[in-house]
Amino acid sequence: MKKLVLLAALLFTFSAAKAQNYYPINDIGLMSGTTRLELYGGMVLPQSDWDYQGQKIDLGTTGWTAGLGFYRSLTSVITLGLDGNYAQFGDSDKAKDGSFLRTGAATGLVAMRVNFFPRHSTRVYIPVGVGVGHIFARQKFDDGSHKTYDSTDLAGMAGVGLEFDIEDIIFGLEGRYYMMRTRDDVKTAFGKGHIHYTEIMLKFGFRF
């Protein structure tokens with residue numbers, strides 16, 4: 001009887017160990033054919049000031065940003081999707097005439113991610129994207145009046161991120177560098193053909 005109990009215990013232990021080594025593999029890391037919805041939020045660091053026609057141009061100070069991403073894993077390493085982001089710069093310092101700028105930038109990009117250590121629950125990745133960007137700068141005066149400059153043109157993004165999974169929930173930290181080409185009255189008013197800014201964001205998402 002003792003031998004039968006011992007044999008049954010050994011078989012149970014072996015079966016449990018085998019199941020433990022096998023089943024979690026499919027639940028950890030990235031797999032091809034899965035979809036991800038991700039929400040971002042954090043701070044934006046605008047380009048520092050520059051000289052133009054004898055005056056200092058400063059589009060804004062540290063502000064906030066928020067975004068949304070929808071991605072599909074083509075393989076465990078390559079992910080492709082759509083990414084939307086809005087960045088609200090902090091108000092610029094007042095100019096000599098008492099006016100200041102309130103600036104915002106929005107992008108809609110086709111984005112790709114290259115994932116490192118895709119079979120692990122903690123991963124490093126590099127996001128890149130290209131698409132359309134819109135920027136507006138509203139110059140506000142002491143008398144309550146304002147003048148708005150805006151531009152829509154090509155935009156690009158590159159960054160680096162760290163994320164980890166808790167079952168189907170994704171948490172992470174991501175840094176991005178954006179470059180947006182300007183035209184029309186924005187380029188004329190501020191003397192810049194490109195606007196740059198950096199974002200540091202926390203991420204929360206789902207995979208299904």
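The values are calculated or read from the model by the stated rules, or taken from the named source; none is laboratory data. Just so we're clear, the structure is a prediction, and the values are computed from it rather than from any experiment. Don't worry about glycine lacking a Cβ; one is built from the backbone with ideal geometry, like all the others, and counts go over all protein chains shown. Protein only, heavy atoms only, side chains kept; ligands, DNA and RNA dropped before computing areas. Shrake-Rupley method; radii C 1.70, N 1.55, O 1.52, S 1.80 Å.
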Check: Given the chain, what count of lysine pairs have C-alpha atoms under 21 Å apart, with each pair 8 or more places apart or on different chains?
Finding: 17
Checklist line | Label-reachable residues, region 80-111, where backbone N falls under 19 Å from a point 7 Å from ASP49's Cα toward its Cβ | finding: 89-104
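Per DSSP H run of at least 4 residues, take -39500 (n - 2.57); add these up for the chain, divide by its residues and hand me the 222 nm value, nearest 500 deg cm²/dmol. Kindly include the intermediate steps, with their values, before the conclusion.
Working: 2 runs with 28 residues, N = 208.
Estimated from H runs of four or more residues: -4500 deg cm²/dmol.
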Next item on the list: Counting only heavy atoms of the protein chains, get the accessible area per residue of region 41-81 (1.4 Å probe) and round it to a whole Å² value.
Entry: 53 Å²
Check: Taking the Cα atoms only, what angle lies between the long axis of helix 2-22 and the longest principal axis of the chain, rounded to 10 degrees?
Finding: 20 degrees
Next item on the list: Grab the beta carbon distance between ASP168 and PHE136, set R0 = 41 Å, and tell me the FRET efficiency rounded to 0.05.
Entry: 0.60
Next item on the list: Could you run the Karplus curve 6.51 cos²θ - 1.76 cosθ + 1.60 with θ = phi - 60° over region 161-171 and give me ³J(HN,Hα) per residue in whole Hz, x for Gly and Pro?
Entry: x, 10, 9, 9, 9, 10, 6, 9, 9, 10, 10
Check: Can you give me the Cα centroid spacing of region 68-97 and region 31-55 in angstrom?
Finding: 5 Å
Checklist line | region 175-181 - phi-based ³J(HN,Hα) in whole Hz, Karplus 6.51/-1.76/1.60, Gly and Pro as x | finding: x, 9, 10, 10, 10, 10, 7
Check: What residue among ALA66, ALA189, ALA87 shows peak mean-square fluctuation when the chain is described by a Gaussian network model with Cα springs under 10 Å?
Finding: ALA189
